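Here's the structure, in structure tokens; my notes come after.
The values are calculated or read from the model by the stated rules, or taken from the named source; none is laboratory data. Note that the structure is a prediction, hence the values are computed from the model and not measured. Heads up, the Cβs are rebuilt from the backbone with ideal geometry, glycines too, and the neighbour counts pull from every protein chain shown. Heads up: the accessible areas ignore ligands, DNA and RNA and are worked out on the full protein's heavy atoms, side chains in. Shrake-Rupley method; radii C 1.70, N 1.55, O 1.52, S 1.80 Å.
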Amino acid sequence: MSDPVVPPVPDALLGPLLEAASEVLRDLAPEAVPASLHALRSFHAKGMARGAARQQLRNAIEADDGFRKAVVDRFLDRPEVAAALSGWDASVAPARVGEAAGRSDLPLLASALVAARPAGWMFGLGLAAATFDQARRVGEADAALRAIEARVAQSEEAGRRAEAARSAAENDVTRLERELREERGARRLREEQGQRAIDAARRQVEEAMSEGERLQRVAEAATAREQRMGQKLRVVEAELRAARDTRTGPEIRLRDRDLQALVDASELAKRLSNGLGGVADRVRLLRASTPPPASKRERRTGFRVPSGLRADAPEAVEAMLRTQGAVVVIDGYNVTKQAWPELSLSEQRDRLVSALAALHARTGCDATVVFDGADVGPTAERRPGVRVRFSAAGEEADAVVVREVAALPPAVPVLVVSSDHEVRDQSEAEGATVVASDAFVRAMRA
């Protein structure tokens, strides 16, 4: 029964026959099981369908006549097998193989040919194997094509995403450049307006001082004239007294122009006095509203940083905070968004005020913290050593920080906490020492 030998075909093409073999194996009495299949008898259906088990079943069918007969008898009893073999002849093999392939029944036809071995079965089996292999190759080619199409689609999608990201990045760069230009333009405008205001105030002071000097000269001339008139008046009075005493001298009478000169001198003196007083008040007001040149400002008391330490080291910041009479002015949100970015603004304010109160208790340094927002209002309770300020409507906290520094006496050493370059530059111009927000946070948490 082992001749002729079944030509090499894929196990998948003999699947129905091998399934019948596994059923026969499970139904055999233990003593009737071929020796090579003892280990497979306990396998479940999935185990029997694996490659190694199928090969052992196939080998047993070829090598064991009794087992092969039992398998073939059971397999040929199936109605579908009888239908597949009905009218089989080598001459119709190509057509029957093509029909089976169209119905996806090639494994059933191949298994039936191997089991029944009718005339021309090896020819038909070869055709089935070739058709099966061709279908497998076509399937693999289709799968490879689908994989390539999927990779192409992924590449195209990645390209679209990259293009969208590039476009978004270019838009962001354009927007940031525009905002930077606008900010620089606005800053230049503010600087020019401030300089024009300073120049105008200085011109007003100079004009007022010139006017004061002119009025001073007029007053001095009027005073000299008044003195001359007074001397003349005293002479006339002496003559009048002498005439009254003697009663014999000629009658002395002041001329109208002399009396008018006395009246004019008195009125001029009064106007000069009032005018000079107003000029003095105006000069004092202009001088108070015009910042003095930097060369004439009193130098602010600074800090001494311990030797070997950077100014932004926590130990150096701690040493500056412990300086006698020192005040620290904090750009509030610039610090809180560095220290507690995950909290809400009100929670950030409360957390910073509490931390500054603890810092005051530890170092004795008073703190002024400035937040943006005139309509927010202080939300944290008053804490010792901590003063909370909010910027007015339309005003940024940066300007309030610099104004707070400028308002402190030069004898007070001031430490400003901000990472904003404009705040740093203006505060240093006022003589303050500036540290970045992250350095202050490290020192505050030390």
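Counted as qualifying within the stretch 304-416 are the helices (runs of 4 or more DSSP H) with 2 or more residues that are farther than 15 Å from F440 by Cα, in contact (Cβ under 8 Å) with a residue 60 or more places away in the chain and out of contact with any Leu (no Cβ under 6 Å at 6 or more places or on another chain), namely 397-407. If I ask for residues that are out of contact with any Gly (no Cβ under 9 Å at 6 or more places or on another chain) and basic (K, R), which ones from the stretch 43-76 would you list? If the condition is that a residue be out of contact with any Gly (no Cβ under 9 Å at 6 or more places or on another chain) and basic (K, R), then K46, R50, R58, R68, K69, R74 are the ones that fit. The helices (runs of 4 or more DSSP H) falling completely within the stretch 12-131 that include 2 or more residues that are among the small types (G, A, S), open to solvent by less than 20 Å² (accessible area, probe 1.4 Å) and modelled with pLDDT of 85 or more map to 15-27, 93-102, 106-116. If you go through the stretch 179-228 and pick out every residue that is at pLDDT 70 or above and in contact with a Ser or Thr (Cβ under 9 Å, 6 or more places away or on another chain), you end up with 2. Assessment of the stretch 357-379 against the conditions (among the hydroxyl-bearing types (S, T, Y), surrounded by fewer than 20 Cβ atoms within 10 Å (Cβ to Cβ) and either more than 28 Å from T301 (Cα to Cα) or modelled with pLDDT of 95 or more (or both)) yields at least one matching residue.
When you look at T301, is it modelled with pLDDT of 95 or more and either over 35 Å from the mean Cα position of the chain (by Cα) or of a type in the set (S, T, N, Q) (or both), yes or no? When the stated conditions are applied, T301 does not pass them.
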